[in-house]
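Have a look at the structure below before the remarks.
Read-outs throughout are calculated quantities, based only on the coordinates presented, and are distinct from any laboratory measurement. Bear in mind the structure is a predicted one, so any value in this text is a computation, not a measurement. Counting neighbours? That spans all protein chains shown, and the Cβs are built from the backbone with ideal geometry, glycine included.
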Amino acid sequence: MNDSPPTSERLERLKTIVGPKGYIDDAAGMAGYLNDTRDLFHGASPLVLRPADTEEVAAIVATCHQAHIGIVPQGGNTGLVGGSVPSRSGQEVVLSLTRMNRLRDLDAINYTMTVEAGCVLAEVQNAAREAGRLFPLSLAAEGSCQIGGNLSTNAGGTAVLRYGNAKELVLGLEVVLPNGEIWDGLRRLRKNNTGYDLKQLFLGAEGSLGIITAAVLKLFPLPVDSATALVAMPGVEAAPRLLAMLREASGDAISTFEYMQRACLDILAAHTDLGDPLDEVYQHYALVELTSSRRDAALVALLERVLESAFEEGVAQNAVIASSGAQSERLWQMRETLPEAQKNLGAGIKHDVSVPVSRVPEFILRATRYCEDAIPGARVVAFGHVGDGNVHFNLMQPEGADPAVFLTHGEAITTGVHDIAAELDGSFSAEHGIGQLKKPDMQRYKSPIELELMRTLKRTLDPHNIMNPGKVL
């Protein structure tokens, strides 16, 4: 990549490719593209490009490849690690896929849909639902995040336990390569044993190896029966045991198993209208949901039987099973509202880690002791997709503390928490990606051979380092 901003001649060439409706070059219009949703990263750019189709993306990339101009691909810009924000250098252009939002194909019999990268996730879900099918990827930002960003970051969410991460929901991709060539890999096949699985190079690569412009997504039968419950447990160590009981009894019909500790319910009670649904106070909770496409699944009765066994074995202490769609939605609101509600506690040092499901209790207990010893009075808020081993482990400032002073401990605390996860055969990034924020962790926790393999791929596909420079590696 060049060390100087693109020339006016090159910028005019890029504007010509997309036409008058396809670019933004005024400061006010570009502001939302240059800052991240957490207000942690702020960049600069001479131009935001909004191509209307894959051919325009290819022309943009070919021009930038020739001139060694950096490109920052961007979807809904809802990421949490600065992966879609340009650097402060002003040398990179932002390429937003927002205008590329067409549903190209929906084959209900083949259980597939082909969508462009700029489709908003909630709209993808709705299109599948209207066809009597389910696209299961679901996360808090689904009303604004875009499918291209979801795939580029290998998004997780609440349904990973049943359906897998984003990369497991893809059959084919269309990608613009760093030299401007278009790879048409939009295969709708579930069996295609013909060499390397090239799509996996771009899923989770955060736009550093190419730009995903369209994808063939897997669909599933639409659930017609469900059972949702909030279960109180005697300790966090009961969570994996309860999960195992639910999986075995339901034939893996469990789609969600979300952990929340007592602090989470206290935050909701203090700062929202979501009160505790149980009469007594407990320290550990699991939000569980079973779903089935069978009308005779009788999931509520099945859940009741499992919980009766869990009470007898001391794995559960109390539970409320939703008796209506509205009650189920309210239980879900507790989990979905929590990330926003915890902001009321002030500054936070946040972690998105994963460990083997069987070791989740050990991680939470060890990390809690470490953080409370390191900063007396700091408040641990632990919750997340424990069914797949993903814990959102957050440390909030002590009451009345100076937020700026508290945040000076961020690097040390994060290293300690990540070290514990690594010791338990875990990962420092479960679903949020690397971006800019976690690049130092890549050097600390990835082996030299892993890093060199990734660098070799990067150099081979993107020798000029124009694709999302400064991210991941």
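If I fit a long axis through the Cα atoms of helix 448-461 and take the longest principal axis of the Cα atoms of the chain, what angle between them do I get, 0 to 90°, rounded to 10? Here the helix axis deviates by roughly 40 degrees. Label-to-label distance, E280 versus E130, with points set 7 angstrom from Cα along the beta-carbon direction: 4.9 nm.
Counting 0.36 nm for each residue step from L222 to L451 and taking away their Cα separation leaves a gain of 78.4 nm. Counting only alpha carbon atoms, the long axis of helix 325-341 and the longest principal axis of the chain meet at about 60°.
Here the relative contact order of the chain, from alpha carbon pairs under 8 Å that lie six or more residues apart, stands at 15 percent. In the chain, helical runs assigned H by DSSP with n ≥ 4 each contribute -39500 (n - 2.57); averaged across all residues and rounded to the nearest 500, the mean residue ellipticity at 222 nm is -10000 deg cm²/dmol. Residue-normalised convex hull volume from the C-alpha trace of the stretch 103-221: 99 Å³ per residue.
Provide the net charge surrounding P234, with neighbours chosen by a C-beta distance below 15 Å and charges set as Lys +1, Arg +1, Asp -1, Glu -1. So the surrounding residues net to -2. The Cα trace of the chain gives Rg and Dmax of 23.1, 75 Å, the first to one decimal, the second as a whole number.
For the stretch 346-432, the alpha-carbon radius of gyration amounts to 1.02 times the rule-of-thumb value 2.2 N^0.38 Å expected for a compact globular protein.
What is the antiparallel percent of DSSP beta bridges lying wholly in the chain, to the nearest 5?
The answer is about 85 percent antiparallel.
Based on the Kirkwood radius over alpha-carbon pairs, what is the Stokes-Einstein translational diffusion coefficient of the stretch 225-341 at 10 °C with 1.306 mPa s viscosity, in µm²/s? It comes out at roughly 111 µm²/s. Relative contact order for the stretch 346-432: 46 percent, from Cα pairs under 8 Å spaced at least 6 residues apart, divided by residue count.
Any chance you could give the angle, 0 to 90 degrees and rounded to 10, that helix 410-423 forms with the longest Cα principal axis of the chain? In the chain, helix 410-423 runs at an angle near 70 degrees to the longest axis.
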